[in-house]
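Okay, so here's the structure we're looking at.
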Amino acid sequence: MASPTDGLGRPLGVLRLSLTARCNLACPYCLPDGQEPPGLLSLEQRVVVVQAAVALGAHSLRLTGGEPLLHPQLEHLIEAVQPLRAQGLREIALTSNGTLLNASRARALREAGLDRITLSLDGADATSVARMAGLSDPRAGARTLEAVLAAIGHARDAGFDPAAGALKLNAVIQRGRNDDQLLPLAELCRRQGLELRLIEYMDVGNRNGWSPTDVVSASAMAERISSRWPLEPLERDLHSTARRWRYRDGSGGIAVVASVSQPFCGDCNRLRVTADGVAYTCLFAAPSSGLDLKPWLQPSINAVGLEQALTQLWHSRRDRYSEDRQASAAGHEHAEMAYLGG
Ligand code: SF4
């Protein structure tokens with residue numbers, strides 16, 4: 001089956017598959033409700049979903065949540081999709097807050113066939129980490145900071161090489177909450193040899209009280225870091241969510257996901273499937289716009305029907321929310337980020 005393009009001519013390239021809506025943190029920009037949706041997909045059903053997406057052209061699988069390390073079958077799923085590399089799956093990546101990533105888990109993920117890990121840390125000190133992770137006090141922040149720093153070491157030791165882009169650090173920056181952490185986070189990542197992926201604060205979900213005045217733009221973030229360690233801009237790769245800069249002194253670089261100030265809907269090639277098997281074509285999709293895939297997954301698997309349903313969904317896709325945020329946002333309820341998988 002030829003790879004379909006959507007209503008704006010964009011191919012399907014990335015499947016973001018959420019394994020759980022639960023998380024062990026409560027970041028104020030996401031505010032997971034800790035509830036798992038009813039009717040979670042089985043391991044077998046998830047493999048069929050990945051297979052269908054790969055058949056339609058997806059070359060990259062990103063495993064998300066909530067917090068995917070809470071999912072007991074994560075390694076089994078990564079192992080089970082390895083044969084799809086022969087059908088076009090080129091990369092399997094994981095987005096995790098890192099707090100549960102100990103040495104044995106990092107090794108198990110690598111042995112299962114995981115290619116890349118992106119961890120999250122929104123501050124370089126205990127107080128900031130506590131504030132941005134929705135934790136009660138700085139001591140909990142200190143424990144979380146320590147756990148994520150240890151996770152970086154465990155991932156590196158397990159073979160996720162930062163220099164090869166196999167280990168990166170995400171940080172959501174919100175004005176007045178943690179924008180004072182830009183230089184400390186940049187310093188931490190320079191020390192660790194990690195790419196710092198900064199994320200503009202977004203109006204995801206319906207609970208974070210987002211306001212455009214709380215957004216620090218990509219160019220302002222790069223300017224602040226460049227004032228300390230000079231940066232030079234790089235071209236944005238096609239289909240990439242991030243703009244990138246490299247340090248003039250040769251010690252790596254930073255990236256910024258600029259969904260608000262420099263949207264990238266024009267070549268967005270991402271499909272999201274939730275833990276209970278609902279497919280969404282945009283991070284800012286309305287809850288009712290999702291396509292429930294379970295009719296093709298139970299009581300028995302209908303792989304051909306599933307591919308046809310996903311093809312139709314993708315063909316009809318015209319999402320470009322961030323490019324027209326003001327008009328799109330008016331009265332528009334969003335599916336929650338922890339449910340969608342970010
Ligand atoms: S707003 Fe929607 S269409 Fe635009 S880049 Fe994000 S997910 Fe893609």
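The values are calculated or read from the model by the stated rules, or taken from the named source; none is laboratory data. If you're wondering where the values come from, they're calculated on a predicted model, not measured in any experiment. Here the Cβ is made from the backbone with ideal geometry for all residues, glycine too, and neighbour counts use every protein chain on show. Keep in mind that these areas ignore ligands, DNA and RNA; they rest on the heavy atoms of the full protein, side chains included. Shrake-Rupley method; radii C 1.70, N 1.55, O 1.52, S 1.80 Å.
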Inter-probe distance in nm under a simple model that places probes 7 Å from Cα toward Cβ, at Glu235 and Ser42: 4.7 nm
For the stretch 14-340, the per residue accessible area (1.4 Å probe, Å²) is 40 Å²
What's the center-to-center distance, using Cα atoms, between the stretch 110-158 and the stretch 30-87 in Å? 22 Å
Can you give me the C-alpha center-to-center distance between the stretch 250-283 and the stretch 324-342, rounded to a whole angstrom? 13 Å
In Å, the Kirkwood hydrodynamic radius of the chain over pairs of distinct alpha carbons? 20.3 Å
For the stretch 66-121, what is the convex hull (Cα atoms) projected area averaged across all directions, in square nanometres? 3.9 nm²
So which residue, out of Ala286, Ala186, Ala133, gets the largest mean-square fluctuation from a GNM of the chain using Cα contacts under 10 Å as springs? Ala286
At a 1.4 Å probe radius, carbon and sulfur cover how many percent of the accessible area of the chain? 50 percent
For a bin width of 10 Å, list the pair-distance distribution of the stretch 253-310 built from all Cα-Cα distances, rounded to whole %. 19, 40, 25, 13, 3
What are the principal axis extents of the Cα atoms in the stretch 51-202, in Å, biggest first? 46, 31, 28
Only Cα pairs under 8 Å and at least 6 apart count here; give the relative contact order of the stretch 14-340 as a rounded whole percent. 19 percent
When the chain is treated as a Gaussian network with springs between alpha carbons less than 10 Å apart, the largest mean-square fluctuation among Leu234, Leu145, Leu167 is found at Leu234
Counting only helical runs of four or more DSSP H residues, what would the 222 nm mean residue ellipticity of the chain come to if each run contributes -39,500 (n - 2.57) and the total is spread over all its residues? -8500 deg cm²/dmol
